[in-house]
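Contents: one structure, followed by commentary.
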Amino acid sequence: AQSVTQLDSQVPVFEEAPVELRCNYSSSVSVYLFWYVQYPNQGLQLLLKYLSGSTLVKGINGFEAEFNKSQTSFHLRKPSVHISDTAEYFCAVTSPGQGNLIFGKGTKLSVKP
Amino acid sequence: GAGVSQSPSNKVTEKGKDVELRCDPISGHTALYWYRQSLGQGLEFLIYFQGNSAPDKSGLPSDRFSAERTGGSVSTLTIQRTQQEDSAVYLCASSVGDRGYTFGSGTRLTVV
């Protein structure tokens, strides 16, 4: 069975500082990996995804993530955060042909001035 | 439509009543998913429809929960005899294959 672990439930950071949100997954087969963002009282918006090819994936709003197969990780990074990045971030995994996404429990990013 | 549409956006119901939640997927998306988001629990997979295949119901928490998808498009999630622990946000998503999922804004269900 697949699983996703987001190691930090909350990450406070100051504006313009760099941030890394950690995600580790468990799977015995090849994976597709996703990061979603959820702003208060809204649905989930796709930030970026890894399907194949380059392990460094760039997404919207200046975010990027790196797929590391040996460490089974897919950490999300941004070099300089804004107040508007305050939201909850979810890492998710699936496999080719599997269908449903398996989500981590989420990380709440709080950006302070 | 341009996105995944869910209705109602908010639903308050009395314990023991039945509720129906609706999802309109993106036109042409063959796959449709229901998830439940409870406070502190993350997103819990409920059910998955792919084309005309039998749905994957492995995530439904009890036999009070059921879902159908008519004509390969609109889906309805039904919860019978609602309980307070059913209070959550119910999210629907649709996709073409498994390479990109688009989520709706959800239905917030409150059972009082």
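Just so you know, all these numbers are worked out from the coordinates, no wet-lab data involved. Quick caveat, the model's predicted, so the values are computed rather than measured. Note that each Cβ is placed from the backbone with ideal geometry, even for glycine, and that neighbours are counted across all protein chains shown.
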What is the distance, in nm, between label points placed 7 Å from the Cα along the Cα-to-Cβ direction at residue B:78 and at residue B:10?
2.7 nm
Listed by chain and number, the residues whose amide H is under 5 Å from that of residue A:8, excluding neighbours fewer than 5 places away on the same chain and using placed H, are A:22
Which Cα, out of A:60, A:81, A:101, lies furthest along the positive dipole direction of chain A (beta carbon charges, K/R +1, D/E -1)?
A:101
So what's the gap between the Cα centers of segment B:86-103 and segment A:43-104, to the nearest angstrom?
16 Å
Please find, in a Gaussian network model of chain A (springs between Cα atoms separated by less than 10 Å), the residue of A:24, A:68, A:41 whose mean-square fluctuation is greatest.
A:41
With the radius of gyration and the Kirkwood radius both derived from the Cα set of chain B, what is their ratio Rg to Rh?
0.95
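According to the Cα gyration tensor, what semi-axes, each the square root of 5 times an eigenvalue, does the equivalent ellipsoid of chain A have, listed from largest to smallest in whole Å? Don't skip to the end; give the middle numbers.
Values: eigenvalues 111, 41, 30 Å².
Value: 24, 14, 12 Å, ordered largest first.
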Between residue B:47 and residues 5 or more places away or on another chain, the pairs with built amide H atoms under 5 Å apart involve B:34
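If you take every residue apart from residue B:74 with its C-beta less than 14 Å away from the C-beta of residue B:74, what net charge results, scoring Lys and Arg +1 and Asp and Glu -1?
Details: positive: B:22, B:69; negative: B:20, B:24, B:68.
Result for the neighbourhood of residue B:74: -1.
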Net charge near residue A:101 (other residues with Cβ under 12 Å of its Cβ; Lys, Arg +1; Asp, Glu -1) is 0
In whole Hz, the Karplus estimates of ³J(HN,Hα) for segment A:98-105 (6.51, -1.76, 1.60; θ = phi - 60°; x where Gly or Pro) are 6, x, 6, 8, 9, 9, x, 7
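Using unit Cβ charges (K, R positive; D, E negative) and no other charged atoms, how large, in debye to the nearest 20, is the dipole of chain A about its Cα centre? Walk me through the numbers on the way to the answer.
Details: 9 positive and 8 negative charges, 43 e Å.
Charge dipole, chain A, about its Cα centre: 200 debye, nearest 20.
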With +1 assigned to the C-beta of every Lys and Arg and -1 to the C-beta of every Asp and Glu, and no other charges, what is the dipole magnitude of chain B about the Cα centre in debye, to the nearest 20?
140 debye
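About its Cα centre, what dipole magnitude does the protein assembly as shown give when the only charges are +1 on Lys and Arg Cβ and -1 on Asp and Glu Cβ, stated in debye to the nearest 20? Present the calculation step by step, with values, prior to reporting the outcome.
Details: 20 positive and 19 negative charges, 15 e Å.
So the dipole magnitude of the protein assembly as shown works out to roughly 80 debye.
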How large, in Å, is the protein assembly as shown by the Kirkwood hydrodynamic radius built from its alpha-carbon pairs?
18.1 Å
Across segment B:10-20, in residue order, what do the Karplus-derived ³J(HN,Hα) couplings come to in whole Hz, using 6.51 cos²θ - 1.76 cosθ + 1.60 with θ = phi - 60° and x for Gly and Pro?
9, 9, 10, 9, 7, 3, x, 7, 8, 9, 10
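Set the Förster distance to 35 Å, then compute FRET efficiency between residue A:30 and residue B:41 from the Cβ-Cβ distance, nearest 0.05. Kindly include the intermediate steps, with their values, before the conclusion.
On the way: r = 28 Å, r/R0 = 0.79.
Once the sixth-power term is evaluated, E becomes 0.80.
If you filter segment A:1-74 for trypsin sites (Lys or Arg not before Pro), then keep DSSP loop positions with at most 10 other Cβ within 10 Å, what is left? The partial results should precede the final answer.
Working: sites: A:22, A:49, A:58, A:69; in loops: A:22, A:69.
Sites meeting the loop and neighbour criteria: A:69.
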